[in-house]
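Here the structure comes first, spelled out in structure tokens, and everything after it is commentary.
The values are calculated or read from the model by the stated rules, or taken from the named source; none is laboratory data. On a predicted model such as this, the values are computed, not experimentally measured, just so you know. For neighbour counting, all protein chains shown are included, and Cβ atoms are generated from backbone atoms with ideal geometry for every residue, glycine included.
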Amino acid sequence: MRRCPWAEATPDLQRYHDLEWGRPVRGDVPLFERLALESFQSGLSWLIILRKREAFREAFAGFEIERVAAFSEADRERLLRDTGIVRNARKIDTTIDNARTLAALRADRGDGVLDRMIWSFAPDVWPRPATAAEVPSSSPASRALAEALRALGIRGVGPTTMHAAMQACGLVDDHLVWCEVPRSPGPARSPGPA
């Protein structure tokens, strides 16, 4: 099977590319997880994060927003000692703070607020790139999404990080045109902004 070049390096990346990357991800908790992992990945290899994903899930209570929002200073210290995850104090604090912001938004606007917000930025049309050089590191949609999330108080969501999240969560399809991985049915459009 021909795959996007970045996915050929290891079996872990091949599985992720073939089964997850570019497939629509819906729901506040799965999207919060993806935002957190993309933020932790910033400056690192995605393979590092991918191989630590289960440890991240365990450390961050399955990324259940209200549970992470309730983390105490003792939880923070526990995370800083956890060798199974990336022990970056700024990124840990950002994830906990983002959970608190999202918990407040969910209390005010209901479950699905993050899902509605993110999916409202899915482009109606997204041409698949022909070469790896054509894959953008950011886009007008990722810049707008980053700005909208920052306006809500969400941190660690720059345009490049948001474009990576949009790729990973199926908002845009950056599989190369010749990539043989079966395509997902496409993004499920949101009913509108949160």
For segment 168-183, name all the residues that are in contact with a helix residue (DSSP H, G or I) (Cβ under 9 Å, 6 or more places away or on another chain) and either over 14 Å from L31 (Cβ atoms) or not in a loop (DSSP other than H, G, I, E, B) (or both). A168, V172, D173, D174, H175, L176, C179, V181, P182
Subset of segment 125-167 (residues that are assigned to a loop (DSSP other than H, G, I, E, B), surrounded by fewer than 21 Cβ atoms within 10 Å (Cβ to Cβ) and of a type in the set (A, V, I, L, M)): V125, A130, V135
Quick check on segment 32-49: of everything there that is surrounded by fewer than 21 Cβ atoms within 10 Å (Cβ to Cβ) and of a type in the set (A, V, I, L, M), which residue is modelled with the lowest pLDDT? L44
Wholly within segment 62-119, helices (runs of 4 or more DSSP H) carrying at least 3 residues that are closer than 12 Å to F32 by Cα and not hydroxyl-bearing (S, T, Y): 65-69, 89-109, 113-119
Taking the residues in segment 90-103 that are among the hydrophobic types (A, V, I, L, M, F, W, C) and either touching a residue at least 24 places away in the same chain (Cβ under 8 Å) or in contact with a Ser or Thr (Cβ under 9 Å, 6 or more places away or on another chain) (or both) as candidates, determine which candidate is surrounded by the fewest Cβ atoms within 10 Å (Cβ to Cβ). A103
In this structure, does K52 turn out to be basic (K, R), touching a Phe, Trp or Tyr at 6+ places or on another chain (Cβ under 7 Å) and either under 19 Å from L152 (Cβ atoms) or surrounded by 18 or more Cβ atoms within 10 Å (Cβ to Cβ) (or both)? no
Please list, ordered by first then second residue, the pairs with beta carbon atoms under 8 Å, 6 or more apart or interchain, first in segment 110-122 and closer than 17 Å to R143 by Cβ and free of Cβ contacts under 8 Å to residues at least 60 places away in the same chain, second hydrophobic (A, V, I, L, M, F, W, C) and outside any loop (DSSP other than H, G, I, E, B). F121/A141; F121/A144; F121/L145; F121/A148; F121/M166
